[in-house]
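This report refers to the structure that appears directly beneath it.
What follows draws every value from the coordinates through simple rules; no lab data is involved. Worth saying up front: this structure is predicted, and the values here are computed from it rather than measured. Cβ coordinates were reconstructed from backbone atoms using ideal geometry, including for glycine residues, and neighbour counts include every protein chain displayed.
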Amino acid sequence: MIGEGHVFRSETDTEVIPHLLEKYYKKHKSVEKALVKTLSILEGTFAIAMISTHHPDQIFCARRESPLMLGIGDELKFVGSDFNAFIDYTKNAIIMEDDEYAILSRDSYVVKNFSTQEEIVKPITKIEWDSETAKKSGYPHYMLKEIYEQPQTINTALELDSNLMNEVVDMIDVSDKAYFVGVGSTFYVAKFSEYLFSSLTDSFIPAVSSDEFALLAKVDSKSLVLTLSQSGETFDTISALKFAKSKGAMTAAVVNVMGSSISRLVDKVILQGSGPEICVISTKAAFAQMIILTILALKLSLKRKKIKRREYDSSITALRELPEVIQNILNERSGFIHRIANNYSKVKNWLYLGRGIYYPVALESALKMKEVAYVHAEGMPGGFLKHGTLAMIDQDVNSIVFIPPRSDKKLYESTIHSVEEIRARSGFVLGVHFDEGSKNRDLFSEEIILPNVKPIVAPFVQLVIGQLLAYFTAISLKRNVDKPRSLAKSVTVG
């Protein structure tokens, strides 16, 4: 194109698009025809919206494997990648599919296919979220608001359609092999689920990172791939799903956004209904997914007679009591956690340690510290200490250890052993534990003591502490909490 006289002012591939539009408009004298021709030669993924001086009262848009939706008001039309872009103005949305384009004006719209230019009649999707839930409501940051919304997300998860949950359980039960698939926070949700299903159902369902799935997984028509995504638009997870479907696998998903690409791609979808998550850092959406997977694991365990109805009911009761426990921690202990975060905000290196199901809790908590505070934090299982990591223990490396309740005796003792290994080398340990009145107080450099709860919900309480430590550290370091550098809410490119 440079040879044709086009002058490029940047190194971004996006700039190629307006030059192509200019080229084909000169040939066809039609903005729509120029757009169609441009779309026909574009490769890769994109979501495009444009306005032309030739039709300044219209918006032209198109998508391929990137989120795009239309807001349909009576006298206004909108284009956005997410419902939240226009939820204040209309709750009527049209979800664009791959290889579709649309032309909108104030009082009309049309959606067409790239290849045929034939008009497509699209259904209107009603947005269930209230616009007020997408506002800060007096909180200084969306991240803090969304942490405080987690008690409600638990209640919402517990009220999800039981028949749908049972159908997903049946899919897991009949599959010869199954996988939990996610990336980033949702990979840690998958890892959490791996431990959960192993302990409750005697099934090993491996967690695989979406970006590695096609390289690692062996799937066929008797396999189930259960994917996790907050946005429902995660590129790597969509790619993993398409790979699984190409092999004939059964597919299911837990997502937070209705009408998203993943929700439309799978055989069964659980819409978690956590409400909009505005902060780039996922807290309540990932948290809710862990609750949902816990319910699925309990249902499968009951179905396979690994637990009795009495144990199932007791665990569900513990989940129903969890919102009050978390609310009390948020109300009564946030100030104390803020003080600890402020006191140690200048620490450059943290080890986040946990054993068993507390290992993915450590991973997710460390990720939050990295994402929002830009502090080096490495999550690992406690057993890794004596396999090289103890060499790192000195005055420049602090440790956070997530300790289970004493009632989980074997896991508790092995975790305390990890603490002792660090302290024997004069290392700093922040112990997050449930031992009120414990005889182990001399074991920790600092401690956060939590109310005693049943083992099945204890990891969730620990997870909230990890979120708060990351948030308050970021505040102390004056980070851009809701929009951390170099990160985006939905990673929609490979």
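Once all Cα-Cα distances of the stretch 278-392 are split into 10 Å bins that start at 0, what whole-number percent is in each one?
11, 29, 35, 20, 5, 0
To the nearest 10 degrees, how steeply does helix 31-41 sit against the main Cα axis of the chain, on a 0 to 90 scale?
Tilt of helix 31-41: around 60 degrees.
Specify whether the C-alpha gyration tensor of the stretch 101-238 places it in the rounded, prolate or oblate class, a ≥ b ≥ c being the square roots of the eigenvalues: rounded for a/c under 1.5, otherwise prolate if a/b is larger than b/c and oblate if not.
Note, shape of the stretch 101-238 comes out oblate.
For a quick protection proxy, order the peptides 183-189, 385-391 by their average other-Cβ count within 10 Å, most packed first.
In decreasing order of mean packing, 183-189, 385-391 become 183-189, 385-391.
With all distinct Cα pairs included, what does the Kirkwood hydrodynamic radius of the stretch 235-278 come out to in Å, to one decimal, could you say?
Value: 11.0 Å, from the Cα pair sum.
Amide H of residue 379: which non-local residues (sequence gap of 5 or more, or other chain) have their own amide H closer than 5 Å, using H built in the peptide plane?
Close amide H contacts, sequence-distant or interchain: 352.
Whole Å is fine, so just give me how far the alpha carbon centre of the stretch 252-301 lies from that of the stretch 159-233.
With the stretch 252-301 and the stretch 159-233 each reduced to a Cα centre, they are spaced 12 Å.
222 nm [θ] for the chain, helices only, -39500 (n - 2.57) per DSSP H run of 4+, per residue, to 500?
Result for the chain: -12500 deg cm²/dmol, rounded to the nearest 500.
Helix 185-201 versus the longest principal axis of the chain: what angle, 0 to 90°, nearest 10, using Cα atoms?
50
So for the pair residue 29, residue 480, with labels modelled 7 Å out along Cα→Cβ, what separation do we get in nm?
4.6
What fraction of the Cα pairs in the stretch 131-332, stated in percent, has a spacing above 20 angstrom?
Percent of Cα pairs beyond 20 Å in the stretch 131-332: 55.
For the stretch 43-94, how big is Rg over Rh, using alpha carbon atoms and the Kirkwood form of Rh?
Using Cα coordinates only, the ratio equals 1.00.
State, as an integer percentage, the relative contact order of the stretch 131-332 based on alpha-carbon contacts under 8 Å between residues 6 or more apart.
27
Could you tell me which GluC sites (Glu not before Pro) in the stretch 145-192 are loop residues by DSSP with no more than 15 other beta carbons within 10 angstrom of their beta carbon?
Sparse-neighbourhood loop GluC sites (Glu not before Pro): 159.
Do you know the relative contact order of the stretch 2-127, to the nearest whole percent, from alpha carbon pairs under 8 angstrom that are 6+ apart?
Relative contact order here is 18 percent.
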